[in-house]
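Data block below; observations after.
The values are calculated or read from the model by the stated rules, or taken from the named source; none is laboratory data. Given the structure is predicted, the values throughout are model-derived calculations rather than measurements. When we count neighbours, we look across all protein chains shown, and the Cβ atoms used for this are built from the backbone with ideal geometry, even at glycine. For the accessible areas, the whole protein counts, side chains as well, though only heavy atoms, and no ligand, DNA or RNA atoms are used. Shrake-Rupley method; radii C 1.70, N 1.55, O 1.52, S 1.80 Å.
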Amino acid sequence: MNFPLMPPEYLREAEDIPSFWVTDLRDIAAWLACHVSRGEIREIGRSAGGRPIPMVVYGQPRQSGRTTTFSGSIGARKLAASFGPEADKRVYLAMGGVHASEYEGIMGLVNLVSVLETGSDLRGKAWPELAELGRQIDRILVIPVVNVDGRARIPQRMFPHRGSDSTVYQCWGTGAWADGTNIGWPQCKEFIPLDFARTMCPGGYPNDAGVNIQHDDFLSPSRQPETEALLRLCAEERPDLIVNLHTGAPGNNYFCRMHRPFIEPALDPVFDRLYAAVHGGLARAGLQSTRDEALEGDPTKAPRGVYNLDTALNLHCGALPALIESPCHGFSGKDRAGNEVYPHPDSLLDQQLVCHREALRFLLETGGRCTWTPEGK
Ligand SMILES: [Zn+2]
């Protein structure tokens, strides 16, 4: 896609891109083809633009043999009836690039695959506990980029850092109108599908049909093929925990931040424990504003999400979804004390992998969906 109205500065790419920063669709496909041997590469479906959506899978799936729908199992107060005879298995789904300009989660997932394959990330840094968790969890599903149409639209592998100015980055995220003004967030959500003819650049949020998958028309027969692929995958695999990786950490507390999903109320206390586990782990690793686990891991401070893809997946299959917003490599923010936080790519990768490590440990130690609430068995 060309952007004839776009200022050349907007197309500039970062210099000295680290070798672990793999975010381009072709680079990801080439890397996976060369390095995935423990896992298996699958295609979960095709995008609105006809592009394949690759996934890497590890372990054995739950056997089929469920006797009812998820809704039926809640009604029967017997969740295991919709999870099947292997309800006790633990299944983790991690997905990135629902918003395609949000590279941190994409880069983190490629590095997660590297750890699951070799024990080390693409810098050569060992993650022994994460690798061990990867062996202990029964099934792991990794989708580096859900919105492959959006990702194919953006030419840069990495954006230049532009101080505290996010104007250019926002153009690649939520798009800009034909006169060059950014559509902006959350205003972009007023236009689904977005009419690309009205834009200088539609950004990386929509697929080729103009739809922001995070806010698709989930209950409509006209829902998008990316959504359909995720719904089909979740019906087959019955994940316990879904981590949906985005970029958009709060500017005044510029570290990874998990959002409270709008889901079944029964899962709210489970989310509280997950939030405390992930943010506590990040704080211990020096990857939050402070090292105070109680402060950083206080779930009452979690930003509250609205009805979106995470809600739809929860109500579809019972999984606990957690959306994590990373800081962006393209601009700086502030910590709790008001000091500048420069989003160094190394720190961004560490934050991603610590999130996966803590989420996987939480899943292993707490047992999964059918043990989380009283009606599980
Ligand atoms: Zn996002």
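Numbers at a glance
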| item | result |
| --- | --- |
| Residue 313 vs. criteria modelled with pLDDT of 95 or more, in a helix (DSSP H, G or I) and in contact with a Cys (Cβ under 6 Å, 6 or more places away or on another chain) | yes |
| Test result for residue 314, closer than 18 Å to residue 233 by Cα, under 17 Å from the mean Cα position of the chain (by Cα) and away from the ligand (no atom under 16 Å from the Cβ) | yes |
| Some residue of the range 83-104 being within 16 Å of the ligand (Cβ to nearest atom), under 28 Å from residue 148 (Cα atoms) and either part of a helix (DSSP H, G or I) or open to solvent by 50 Å² or more (accessible area, probe 1.4 Å) (or both) | yes |
| Output for the range 257-276, where each listed residue is surrounded by 21 or more Cβ atoms within 10 Å (Cβ to Cβ) and in contact (Cβ under 8 Å) with a residue 60 or more places away in the chain | 257, 258, 259, 261, 274 |
| Qualifying residue in the range 344-351 (condition: open to solvent by less than 10 Å² (accessible area, probe 1.4 Å), away from the ligand (no atom under 16 Å from the Cβ), more than 20 Å from residue 303 (Cα to Cα) and in contact (Cβ under 8 Å) with a residue 40 or more places away in the chain) | yes |
| Leading residue by the ranking (nearest to the ligand (Cβ to nearest atom)) among those in the range 171-191 that are more than 14 Å from residue 7 (Cβ to Cβ) and open to solvent by 60 Å² or more (accessible area, probe 1.4 Å) | 185 |
| Qualifying residue in the range 231-253 (condition: open to solvent by 40 Å² or more (accessible area, probe 1.4 Å), assigned to a loop (DSSP other than H, G, I, E, B) and free of Cβ contacts under 8 Å to residues at least 60 places away in the same chain) | no |
| Flag if residue 355 is within 17 Å of residue 159 (Cβ to Cβ), modelled with pLDDT of 95 or more, within 16 Å of the ligand (Cβ to nearest atom) and hydrophobic (A, V, I, L, M, F, W, C) | no |
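Rundown of residues vs (1) in a helix (DSSP H, G or I); (2) not aliphatic (A, V, I, L, M), yes/no style:
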| residue | (1), (2) |
| --- | --- |
| 16 | no, yes |
| 31 | yes, yes |
| 38 | no, yes |
| 41 | no, no |
| 54 | no, yes |
| 61 | no, yes |
